[in-house]
1. What are the residues whose amide H is under 5 Å from the amide H of Leu48, where those residues sit 5 or more places off or on another chain and H is modelled from the backbone?
2. Compare the Cα positions of Ile395, Met441, Val277 along the charge dipole of the chain (+1 at Cβ of Lys, Arg; -1 at Cβ of Asp, Glu; about the Cα centre) and return the one farthest towards the positive end.
3. Considering the dipole of the stretch 557-617 built from charges on the beta carbon (Lys and Arg +1, Asp and Glu -1) around the Cα centre, which of Gly594, Ile610, Asn568 is farthest to its positive end?
4. Placing +1 at every Lys and Arg Cβ and -1 at every Asp and Glu Cβ, with all other atoms neutral, what dipole size does the stretch 117-275 have around its Cα centre, in debye to the nearest 20?
5. Packing-wise, with mean Cβ within 10 Å as the measure, how do 426-434, 612-620 rank, highest first?
6. Kirkwood hydrodynamic radius, the stretch 434-520, all distinct C-alpha pairs: what's the number in Å?
7. Treating only the Cβ atoms of Lys and Arg (+1) and Asp and Glu (-1) as charged, compute the dipole magnitude of the stretch 47-162 about its Cα centre; round to the nearest 20 debye.
8. Under the Kirkwood approximation applied to all pairs of distinct alpha-carbon atoms, what is the hydrodynamic radius of the stretch 220-293 in Å?
Amino acid sequence: MKVTYKTMIMLCNRQKQQVAYWLICFMVGGVFFASCKKEEQVPDTVQLEVFGPSPVLRGGEIKFIGNRLDRVKAVVLADGTEITEINVVNSGEIRITIPHDAAPGHIILKYDGGEIRTKTPLTYSEPIAIDDVSPLRAKAGEVITIEGEYLNLIAEIIFAQDVVVTQEAFVSQSRKKIEVAVPEEAQTGVIALSNGAEIPLMLYTESEVEIVLPAVEAPVDLTGKKPGDVISISGTDLDLVKHLIVPEEQSIVFSVSEEGREISFTLPENTVDGAVVMIPASGVKVALANVGMATVAELSATPATEVKAGQQLTITGINMELVTEVIFAGTTEPAAITSKSATAVKVTVPEGAVSGDIILRTNTGKEATVAIETAKANVLSYNPNPVAAGTALTITGQHLDVLHALTFSGNVTVEVSANSASSLNVMVPTTAESGPLTATMKNGEQVAFPSLTVDKPLVAYIPVMPTDEIANGKLWIVTIANQDKLTGVQINGQSVQYVVDGDQLYIGIPSSVKGSSVLRLLSSNGDISYTIDIKDSGIVETVIWDEGPLDVTWGDGGRVLIPIDMFNNVRAGTFLKFYFEQKDAWGQAQINHGNWGQIAFPELDNQGTITSHGMPINNDKSITTLELQLTQEILDIIRNNGGGGYGIIIQGSDWIFEKVSIIDYGN
């Protein structure tokens, strides 16, 4: 067998017993040498096991393999040349590039705390050489010629950025010359020649080969352009362009003239300011133009003052066809554009628009603003003034139709709805004080109204509305004024039970009422209303008789018969509630247990009969409900007297029963 390069590798045994083995290694591209006998190493420190190739080409790369080699600070060649530019692949492998003038001999690896000297000298191989590369500037697809010695041993040519051309793709190859076509992906840089071995010999050209890119003399200024504009730009080698990118990385369609000297494209919708970039197959970005997109300007709004929601607003200017969104101050969503031209945009003013800048946005990413002033309500007169609290006030003014609420002195606010832009009627709250008013527009803007003199009401009223929670099925206590005038209390139009004690008004809130409700105080000289919020107290109402309306009599067919079973599991403290209507005549309803004895209730003055003139009706024909508490004593009477299977039997005259229920207030 013919050996091109001959050497010897000594393998080191790391065990205590050292055995030397000689191995003749044949490698076409070179030979690795073992460092032998652990190279004066200390266990668990820097160790060199093998290095190579040797022989190696000057200007080529040599590898060192071992342990903890990442600690090596310098590699010293035989002639004293110290190399500190070390490529650390990992802790077990480092690489260096051999200078072209390096001398053969032993190598020393220096590290903190010591050094390693190879037992085998490094030798150099001279056969493969590069004498010339031409041309040094080439375009993708053009052929580059490499001349030198033993080029027939080369298996790969590697262009910058690791673009590899294998031997099969060479145009031609001989000992003295290789011809290779420049691949599309190649970039400017030195070219490497490799023998293709597992640990290859690598040889690099001394000069870079410039790879031609598409070019223009200077990036073209495209200021004031619009989407849809057709752009044509002259340059060189434009046929190399594979992608054309406009700002924000949007790739667009383009065309190139046959000779590659002109590129044409259309600016797409939503193009913004920035660079237009050409990209050849190599991925190198080349600036083609700088885009400065057109924007709207010279803006004017009509009307610009006293603007109201729902109006049509016209904004004039230049380049108005570019507008895609119009956003009013105080809103987040774009307003509806009703028409658009090169000189004007018409929009509908949205609800919530306030005074300030309107933002106009274009499909080119530009913004411009124009200011408007929204309409504000103002007062010309109050009628009457002074005005009594709790009575109607007429306000005459301008733009009253944009009002949403009025806040009177005393910090009491009422929502309003104007009859017209010039007139507004509002009930003056009973807690209002004399002083200026604050007007809140529908868009949230506020203005001050003139001072108003407020006289206190003449009817019974609540001077200060309590802030405590109002719960259904409970007693609500408020302080009232002019209590001597009070004749009745209603909630949502239904009369409710109440008691006046001095300036304290005790109101029974029905268990069936909750949410926003109207409280009305009836007086001998008028009435006044309030809106109150009634919370659900968790009251449970169970209907035990629902066969009305029944006009009760003293005989069969005219009696309310409630089965004894309806009182099972009823707890003491709940209430028996009657729903009824009173006739004009004097009426009565007798409440008996199943064995026909009357049931005495404390609310009926310890009697068993409801009468029109007795407690708690007192001749008030508007009362339509009555609650009687079921004490343990009363429940025992009902349960122990269930004759005929009935717990309660109601009979009487001139009284119409609708239904009967048991209410558990949970307390």
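1. Counting only residues 5 or more places away or on other chains, the set is Asn67.
2. It is Val277.
3. Highest projection toward the positive end goes to Asn568.
4. Working: 11 positive and 28 negative charges, 102 e Å.
I would put it at about 500 debye.
5. Descending packing order for the listed peptides: 426-434, 612-620.
6. Final number for the Kirkwood radius of the stretch 434-520 is 15.4 Å.
7. Dipole size: approximately 460 debye.
8. Over the stretch 220-293, the inverse of the mean reciprocal pair distance is 12.2 Å.
Read the figures in this text as sums done on the coordinates, not as results from a lab. Keep in mind that what you see is a predicted model, and the values were worked out from it rather than measured. Note that each Cβ is placed from the backbone with ideal geometry, even for glycine, and that neighbours are counted across all protein chains shown.
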